[in-house]
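Here is the structure we will look at, set down as C-alpha cells.
The values are calculated or read from the model by the stated rules, or taken from the named source; none is laboratory data. Source: prediction; values computed, not measured. Cβ placement follows ideal geometry from the backbone for every residue including glycine, while neighbour counts extend to all protein chains displayed. Ligands, DNA and RNA are excluded from the accessible area calculation, which covers all protein heavy atoms including side chains. Shrake-Rupley method; radii C 1.70, N 1.55, O 1.52, S 1.80 Å.
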Amino acid sequence: MPLKYDTSHIIMLKSAIEQLLGREAWYELKETTSLSPWRKNVLKLLKAIRISVEESVEVRDQAWFDSVAQNIARGEECAKASKDIDELLSCFTATLLRQVFLQIGTLPNRIGQSSVSLRRDNWKLNGHRSVQYVQSSAQIESVFWSLQQKQIGIDNQMALLREHRKSKSTLSYSEWFRQREAL
C-alpha cells in the first residue's frame, strides 16, 4: 500500500515515536509520503530498544539476552526489506509483540496449535525466568523528585529542598517531605 499524504490514522504511533525520539522525528513523519523516514525511525527505535536492554537490564541470563538480540535483528532485517508502509509497520508490530513476551519471561511458541485459551495457566510465563522490578534508594528519590516537580513546580520544590537541607535531617528528601506533610 503506498503511503498517503494523510496519515492521520497512525497519529498514535507518530505521537509515541515523538515521545521516544523527539520532535524532529514527529516533523519528519508528520506529512511524509516517503517510506524512507518511516524506515529510518523504525530502525532507530529497534536500535534504541537493543541499547535500552543492554544498559538497563542488569541481571539477565545469556539465553534470554540472545533471544532479545535475535528478535530485534529479525525485526531490523524485515524493516530493511519492507516494500511499503504496511509491511514495515507489520514487521515493527510483530517485533514489539514478541519483545513484550520476552520481557515478561519467555516467548511462547504455539505454532500448530488450533487455539490457545486465555486461562491463566496458559499465560504464566515464568517457567524459565521471572521478571522482578526493583528500585534502589536513589531511584525511589528520583521518581519522587520527578512527580513532585510536576505537581508543585521547580521553584516550590527548590524552596522545600533548601528547607530540608537547613533542617539537617538524616531522612531522605522524600521521607522528610512525607513526614512534614503528615504533621
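Extent along the principal axes, Cα only, for the range 15-102: 42, 26, 16 Å, with the longest axis given first. Across the range 59-158, the mean sequence separation of Cα contacts (distance under 8 Å, 6 or more residues apart), normalised by length, yields a relative contact order of 20 percent.
For Thr93, the accessible surface of its heavy atoms amounts to roughly 90 Å² (probe 1.4 Å, protein chains only, rounded to the nearest 10).
Approximating the spin labels as points 7 Å out from Cα along Cα→Cβ, the Lys168-to-Val100 distance works out to 5.4 nm. The fraction of accessible area contributed by carbon and sulfur in the range 76-123 is 55 percent, rounded to a whole number (1.4 Å probe; ligands and nucleic acids excluded). By how many degrees, 0 to 90 and rounded to 10, does the Cα axis of helix 173-182 deviate from the longest principal axis of the chain? Helix 173-182 sits at roughly 60 degrees to that axis.
For the chain, the Kirkwood estimate of hydrodynamic radius, built from reciprocal distances between every pair of different alpha carbons, is 20.3 Å.
For the set Tyr173, Tyr27, the ranking by accessible area, highest first and with no ligand, DNA or RNA atoms included, is Tyr27, Tyr173 under a 1.4 Å probe. For the set Ile111, Ile140, Ile10, the ranking by accessible area, highest first and with no ligand, DNA or RNA atoms included, is Ile111, Ile140, Ile10 under a 1.4 Å probe.
Ellipsoid semi-axes for the range 97-175, based on the Cα gyration tensor and the rule √(5λ), read 46, 14, 9 Å when sorted largest first. Using a probe of 1.4 angstrom and keeping all protein chains present, the accessible surface of the range 83-156 works out to 77 square angstrom per residue. Treating each Cα of the range 129-171 as one equal point scatterer and applying the Debye formula with no solvent, the log10 of I(q)/I(0) at q = 0.18, 0.30, 0.32, 0.33 Å⁻¹ comes out as -0.64, -1.06, -1.07, -1.07.
Considering only Arg60, Arg74, Arg165, the Gaussian network model of the chain with Cα springs below 10 Å gives its largest mean-square fluctuation to Arg165.
Of the residues Trp145, Trp176, Trp26, ranked by 1.4 Å probe accessible area with the largest first, the sequence reads Trp145, Trp26, Trp176. Note on the chain: GNM, Cα springs under 10 Å; of Ser130, Ser142, Ser117, the largest mean-square fluctuation is that of Ser142. Restricting the calculation to Cα atoms, every distinct pair contributes to the Kirkwood radius of the range 53-142, found to be 15.4 Å. Among the listed pairs Lys80/Lys124; Lys30/Lys80; Lys124/Lys150; Lys30/Lys150, those with a Cα-Cα distance over 32 Å are Lys80/Lys124; Lys124/Lys150. Label-to-label distance for Asn109 and Leu20 is 2.6 nm, based on points extended 7 Å past Cα in the beta-carbon direction. Taking 0.36 nm per residue of separation and subtracting the current Cα-Cα distance, fully stretching the chain between Glu54 and Thr33 would add 4.2 nm.
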